[in-house]
Each structure stands twice: as C-alpha cells, then as structure tokens.
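This report refers to the structure that appears directly beneath it.
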Amino acid sequence: MNESRPIRCEWDGEVMRPAGQFWAKRADQQFVVGQTYAVEVRQERSEASHRSFFASVNEAWMNLPDDLAARFPSADHLRYWALIKAGFYNERTLPCPTSDLAQKVATFVRPSESYAIITVEDCIVRVFTPRSQSYRSMDRATFQDSKTKVLAVIAALIGVTPAQLSGNEAA
C-alpha cells in the first residue's frame with residue numbers, strides 16, 4: 001500500500017465519497033475494498049486566515065524601524081524569530097565536553113541553518129528552529145494559535161497592539 005495521505009471526501013448522508021476523480025483515484029491507490037478504516041476529522045484552515053497572517057507579518061516587516069530592520073533581512077526572518085519566541089520551535093541540544101568546544105560547535109552549526117536561534121550555556125549548545133506553518137504541518141487550531149501568538153510577539157516588538165498589526169483596529 002502507498003503512503004497514507006489525506007483524501008478529500010464528501011459526506012452524502014450515508015457514506016463518505018472521494019470529492020472528485022482525483023481523490024477517488026488516490027483512494028483506490030491507498031485503500032483495500034472491504035477493509036475498515038478509521039476516519040479522522042481535520043478542519044483545514046481558511047486561505048483567508050493564512051493570507052491575512054502573512055500579509056500582517058509582511059506589513060510589520062516593511063515598517064520596521066531602522067534599528068530592527070537590520071536584524072530581520074526579510075519578512076520570513078521576522079516570522080521565524082517570532083515563531084521561536086512564541087514557542088513554536090524545534091530544539092536540538094548538543095552537549096559538548098568543554099565550553100570552548102561548545103562555542104566552536106555553535107559557530108559551525110550557524111551556517112547550516114537557514115534560520116535559527118543558537119544559544120551556548122556552559123557546555124551546552126541549543127539550536128532553536130521555527131516550526132513550519134505549512135498546511136500539512138499545522139492543523140487549523142495549531143495554526144490559529146501560532147498566528148495569534150506570533151502577531152502578539154511582533155506587535156510587542158514594534159509597539160502596537162495585535163489588532164492594530166492585523167488591521168482590525170485603528171492605529
């Protein structure tokens with residue numbers, strides 16, 4: 001059987017049916033006729049919410065004061081930093097035998113990460129990378145939570161409210 005991937009289905013009042021030929025073909029590849037499968041409900045986030053979030057981050061980035069603009073060369077860098085600060089990160093801990101070696105490991109690791117916050121505490125190197133906000137990586141509830149918290153972090157950074165940042169309140 002092929003890798004299990006979500007299949008869009010439509011409830012017709014009696015059975016779940018793949019929503020179109022593309023999905024029917026995928027279902028035929030993944031499932032065995034007569035076998036029972038568990039169905040998990042996954043509410044997908046709205047494209048409008050997704051676009052609104054990225055537009056708010058981009059707007060904040062384009063209006064950063066000069067002292068902050070140098071820290072964040074792109075809107076993605078700002079978003080990545082805020083994701084980590086908001087708690088949406090993956091962490092790797094690299095214990096080293098000495099603090100000197102820990103400093104060298106941190107220096108070595110930095111170029112291999114497109115964006116990371118790297119800390120060194122005594123002999124421990126910690127590498128924080130942002131979690132992906134792709135549709136596949138975050139369900140609707142997790143994305144909404146990350147959106148709310150990331151906008152709050154960015155708003156605090158630039159001295160506005162999250163509502164002002166997202167355009168829902170007059171400045």
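The values are calculated or read from the model by the stated rules, or taken from the named source; none is laboratory data. Quick caveat, the model's predicted, so the values are computed rather than measured. Glycine also receives a Cβ, built like all others from the backbone with ideal geometry; neighbour counts cover every protein chain displayed. For the accessible areas, the whole protein counts, side chains as well, though only heavy atoms, and no ligand, DNA or RNA atoms are used. Shrake-Rupley method; radii C 1.70, N 1.55, O 1.52, S 1.80 Å.
Ala60 - would you say it is more than 22 Å from Asp139 (Cα to Cα), free of Cβ contacts under 8 Å to residues at least 60 places away in the same chain and either open to solvent by less than 60 Å² (accessible area, probe 1.4 Å) or of a type in the set (D, E, K, R) (or both)?
So Ala60 does not fit the description; no.
Does any residue of segment 117-127 turn out to be in contact with a Ser or Thr (Cβ under 8 Å, 6 or more places away or on another chain) and of a type in the set (Asp, Glu)?
Checked segment 117-127: at least one residue is in contact with a Ser or Thr (Cβ under 8 Å, 6 or more places away or on another chain) and of a type in the set (Asp, Glu).
Hand me the list of strands (runs of 3 or more DSSP E) wholly inside segment 67-163 holding 1 or more residues that are open to solvent by less than 40 Å² (accessible area, probe 1.4 Å).
Filter on segment 67-163 gives 117-121, 124-130.
Has segment 27-41 got any residue that is more than 30 Å from Tyr115 (Cα to Cα), of a type in the set (D, E, K, R) and loosely packed, with under 13 Cβ neighbours inside 10 Å?
Among the residues of segment 27-41, at least one is more than 30 Å from Tyr115 (Cα to Cα), of a type in the set (D, E, K, R) and loosely packed, with under 13 Cβ neighbours inside 10 Å, which makes the answer yes.
Is there any pair with a first residue in segment 1-18 that is at negative phi and a second that is at pLDDT below 75 whose Cβ atoms are under 8 Å apart and which are 6 or more apart or on different chains, and what are they?
Note: pairs meeting the criteria are Pro6/Arg42.
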